[in-house]
1. Given the structure, is residue 321 within 17 Å of residue 273 (Cβ to Cβ), in the same structural domain as residue 280 (by TED's automatic domain parsing) and modelled with pLDDT of 80 or more?
2. Just checking, does segment 253-263 include any residue being in a helix (DSSP H, G or I) and loosely packed, with under 14 Cβ neighbours inside 10 Å?
3. Answer yes or no as to whether residue 248 is modelled with pLDDT of 75 or more, assigned by TED's automatic domain parsing to the domain that holds residue 285, surrounded by 15 or more Cβ atoms within 10 Å (Cβ to Cβ) and part of a helix (DSSP H, G or I).
4. Name the residue that is modelled with the highest pLDDT, counting only residues in segment 273-298 that are more than 19 Å from residue 247 (Cβ to Cβ) and either in contact with a helix residue (DSSP H, G or I) (Cβ under 8 Å, 6 or more places away or on another chain) or surrounded by 13 or more Cβ atoms within 10 Å (Cβ to Cβ) (or both).
5. Considering only residues that are in contact (Cβ under 8 Å) with a residue 12 or more places away in the chain and either touching a strand residue (DSSP E or B) at 6+ places or on another chain (Cβ under 8 Å) or buried (at least 17 other Cβ atoms within 10 Å of the Cβ) (or both), which ones fall in segment 299-316?
C-alpha cells in the first residue's frame with residue numbers, strides 16, 4: 001500500500017542522495033557482455049594472422065630446442081612469454097576498456113564511502129544461507145540460467161551443423177582440424193556474445209525500472225523534502241505576510257509626506273512628493289483597491305490635496321515604482337496638477353493670514 005502511494009517522480013535531491021549511497025541503475029551482465037564481445041572481436045580480427053604466426057613460432061621453437069638447452073632463464077622461455085603477452089594483451093585490454101566504459105556510461109563514477117563500512121551482519125553465515133535459499137536468491141539463479149541455456153542451445157546447434165565434419169575429422173590433417181575447431185569456436189563465440197548482449201540489455205532495462213520505482217516519492221515525501229530544503233511552507237507564508245504588512249505600514253507612513261495624491265478616483269491612488277530643491281516629483285506611495293482607500297484616508301486626515309486624473313493615475317501606477325521619480329513624458333501633466341495645488345495652498349494660506357490679522361486687530365481694539 002505504501003508503494004502504491006509513491007506516484008511522484010523523484011526530485012534531483014532524492015537522486016543525488018541515492019547516488020551518494022551508491023544506488024544507481026547498473027547491470028553487471030551488460031559490462032560482462034560488452035567485455036566478452038570486445039574480446040571476441042579482437043580475437044576474430046587476430047585469428048588468421050595468429051594461425052600463421054604461431055605455426056612459424058612453434059616451428060622455430062622446435063628447431064631451437066633441438067640445438068639449445070631449455071633452461072628456466074633461457075631465451076626460449078623468455079621469447080615464448082613475450083609472444084603470449086603480445087597476443088593476450090590486445091583482447092584483454094579491449095575487454096577491460098569496454099567493461100569500464102560500460103560501467104561509467106550506466107551510472108558514471110560513484111564512490112560511496114558508506115558501503116565500505118564494516119557491517120558484521122554481512123559476515124553472518126546464517127544470513128548468507130537464508131539469502132541463498134530465499135525467493136530473491138532463487139530468482140537470481142534462474143535469471144543466470146536463462147542466458148546459459150540459450151548459449152548451450154546455440155552450442156548444440158553448432159555441433160549439429162558441423163556433425164558430419166566432426167565425425168570425419170579423424171581423417172583430416174592437423175591444419176584442417178585446427179581450422180574446423182576454430183570455425184566452431186568462433187561461431188559459438190559470436191552467437192554467445194549476441195545472446196549475452198541481448199540479455200544484458202533486458203537486464204539493464206529491468207534494473208533501471210526497479211531503480212526508478214525505488215526512487216519514486218509520495219506527496220508526503222515531497223512535502224517533507226520541501227520542508228528540509230526550503231523550510232516549512234506555513235512559516236514561509238507567515239513571514240511573507242509579515243513582510244507585506246511591514247511594507248504596507250511603511251507605504252502608508254510615507255503617504256503623510258506627500259504633496260498631492262492623484263486618484264482614479266476609486267481604483268488607484270498615487271502619492272507624489274515634490275520640493276523646490278528636487279529635480280522631479282517622487283512617488284512615495286501607490287496602491288489600488290484597499291491600499292488606495294487607505295492612502296486617500298490618510299490624505300484626508302492630513303489634509304493633503306487629492307486630484308482626480310484617471311489617465312495620469314493609471315500611467316503613474318503602471319510605469320513608476322515607489323521611490324522613483326516620474327518619467328519626463330509625464331512632467332507636463334504633473335506640473336499642471338502641482339500648479340493647481342500650490343495655487344490652492346497659497347489661497348488657503350492667504351485666507352489664514354487675513355483671518356489671523358483680523359483676529360489680532362479686533363483683540364487690540366477690545367483691549368483699548
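1. yes
2. yes
3. yes
4. Residue satisfying both the conditions and the ranking: 281.
5. 299, 304, 305, 306, 307, 308, 309, 312, 313, 314, 315, 316
Let's see how each residue does on (1) closer than 30 Å to residue 23 by Cα; (2) outside any helix (DSSP H, G or I); (3) without any contact (Cβ under 8 Å) to a residue 12 or more places away in the chain:
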{"site": "145", "(1), (2), (3)": "yes, no, yes"}
{"site": "152", "(1), (2), (3)": "no, no, yes"}
{"site": "160", "(1), (2), (3)": "no, no, yes"}
{"site": "164", "(1), (2), (3)": "no, no, yes"}
{"site": "176", "(1), (2), (3)": "no, no, yes"}
{"site": "186", "(1), (2), (3)": "no, no, no"}
{"site": "189", "(1), (2), (3)": "no, no, no"}
{"site": "196", "(1), (2), (3)": "yes, no, no"}
{"site": "211", "(1), (2), (3)": "yes, no, no"}
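The values are calculated or read from the model by the stated rules, or taken from the named source; none is laboratory data. Nothing here was measured: the structure is a model prediction, and the numbers come from that model. Methodologically, a virtual Cβ is constructed for each residue, glycine included, from the backbone with ideal geometry; neighbour enumeration extends over all protein chains shown.
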